[in-house]
Every structure is written in structure tokens, then in C-alpha cells.
Amino acid sequence: MKNIYEIMKEFGLEIPEDKKKDFDKAVLDNYKTISDYEKQTEKLTVASETIKANDTALTDLKKQLEGFKDVDVTGLNQRITELETEKKNLESDYNTKLSDRDFNDIIREGITSVNGKNVKAITALLDTETLKASKNQKDDLAAAIKALTEAEDSKMLFGEPEVVASGSFPGRVNKPSGDSFDAQMRAAAGLPPMKEGDK
């Protein structure tokens, strides 16, 4: 590629050496090379694409904002507050039920550990509200149950279960002893009594 001095020389123009510096400055201030032009064009292209992308994003944002134009913000905030309260109430209810279940398990274990005969009846005699509020539930429950095992009006609710085994059991036939059973059976079936030689 020819530089500007060579091109000018071909047309009969020549810049003296002492003026070349000023000439170069004037050319650079007023004219750009092709590579500078291409760089500027590329920058403008990128800037144009960025503007288009931002314009599209801005249009989308405007559409989204229009969707909220008629929304009752106060109503939404109220609903959020109501849902948060509902959530807290559900969590509290769940934790209460969980605590009650654990407490009832402690009572059941405490009563069965001292051979309580009827968990429901013994539980009714306990001050469950006080025991539930206790910081040391197991020990206080054990003391309350121990007091019931020793009290005259409740000690019969504790101890090993009594086994009653007298008389005949349902579904069991009491077989008479000796030959009388065979004779009764034969008679019931309509058969003649057995003779001595038939045995």
C-alpha cells in the first residue's frame, strides 16, 4: 500500500521535509485510515445491537409492569400477612400436637412401667396440665404415679393382672371319666350299649 507522500509525488506534489510533521498532524486530525474506519464501524454496530437488545428488554419490562397496573398492592400485602399468620398457626398447632403425643407417650410408659392395669383410668387421676407444664416431666410424672400406687383409693389400679382359671372354658368339652362317656355318646347316636366282648 502506498503512503500519502508517494501518491502526492505521482501527481506532482511534494511536501518539503520541514513541513511534513505539520502535514502529518493535519492529515491525522482530519482523516482516518481504513482500519480506523472499520474499528469505528464495528463499535457502532455493537452499540446499535446493544441498543436494540436494551429496547427489547425495556419493551418486555413495560409489558410486565402493565400486568401489575390494576393490581391492588394493599390487598396483596394483606393476603401475604394473612398467609404468614395461617402458616404460624399451622406450625403452632402441629408443634402442640407433637408435644401432646410425646407427653402422652411418657404417661403411658410411666404407667406401664409400674404395672398399671388401665392407662386411661390412671391418666384421669393425674393432674396432666401441671405435669405438662413441668420442666422435669419424667421425674414429676414418676412421683405422681408413685403417689397413686400408694394411695388407698387408687392402688388397686396397679399390680400384676389376676388370672382367673376356674370352671370350664368356652369351647372345651369336659369329658366324663370312665366308660360312661362312651355309653352316653352311643346313646346320643342311637346305638345300643357296648357289650363286654366288643371292646
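What follows is calculated from the coordinates using simple rules that are stated; it is not laboratory data. All values derive from a computational prediction rather than experimental measurement. Backbone-built Cβ (ideal geometry, glycine too); neighbour counts: all protein chains shown.
Do you know which residues across region 117-149 are hydrophobic (A, V, I, L, M, F, W, C) and either under 23 Å from Thr96 (Cα atoms) or surrounded by 15 or more Cβ atoms within 10 Å (Cβ to Cβ) (or both)?
Passing the criteria: Val119, Ile122, Ala124, Leu125, Leu126, Leu131, Ala133, Leu141, Ala142, Ala144, Ile145, Leu148.
Quick test of your reading of the structure: Leu65 fulfils all but one of (1) exposed (fewer than 10 other Cβ atoms within 10 Å of the Cβ); (2) closer than 30 Å to Glu150 by Cα. Name the failing condition by number.
Only one criterion in (1) exposed (fewer than 10 other Cβ atoms within 10 Å of the Cβ); (2) closer than 30 Å to Glu150 by Cα is unmet by Leu65, namely (2).
Kindly provide the set of residues from region 102-133 that are touching a residue at least 24 places away in the same chain (Cβ under 8 Å) and among the charged types (D, E, K, R), ordered by number.
Listed by number, the residues that qualify are Lys117, Lys132.
For region 105-158, list the helices (runs of 4 or more DSSP H) that sit wholly inside it and hold at least 2 residues that are within 20 Å of Asn95 (Cα to Cα) and aliphatic (A, V, I, L, M); which are they?
128-133
Of the residues Lys52, Lys87, Lys69, only one is over 30 Å from Glu160 (Cβ atoms), outside any helix (DSSP H, G or I) and without any contact (Cβ under 8 Å) to a residue 12 or more places away in the chain; which? So that I can check it myself, show each step before the final result.
Numbers: Lys52 fails: outside any helix (DSSP H, G or I); Lys87 fails: outside any helix (DSSP H, G or I).
Selected residue: Lys69, the only one of Lys52, Lys87, Lys69 that is over 30 Å from Glu160 (Cβ atoms), outside any helix (DSSP H, G or I) and without any contact (Cβ under 8 Å) to a residue 12 or more places away in the chain.
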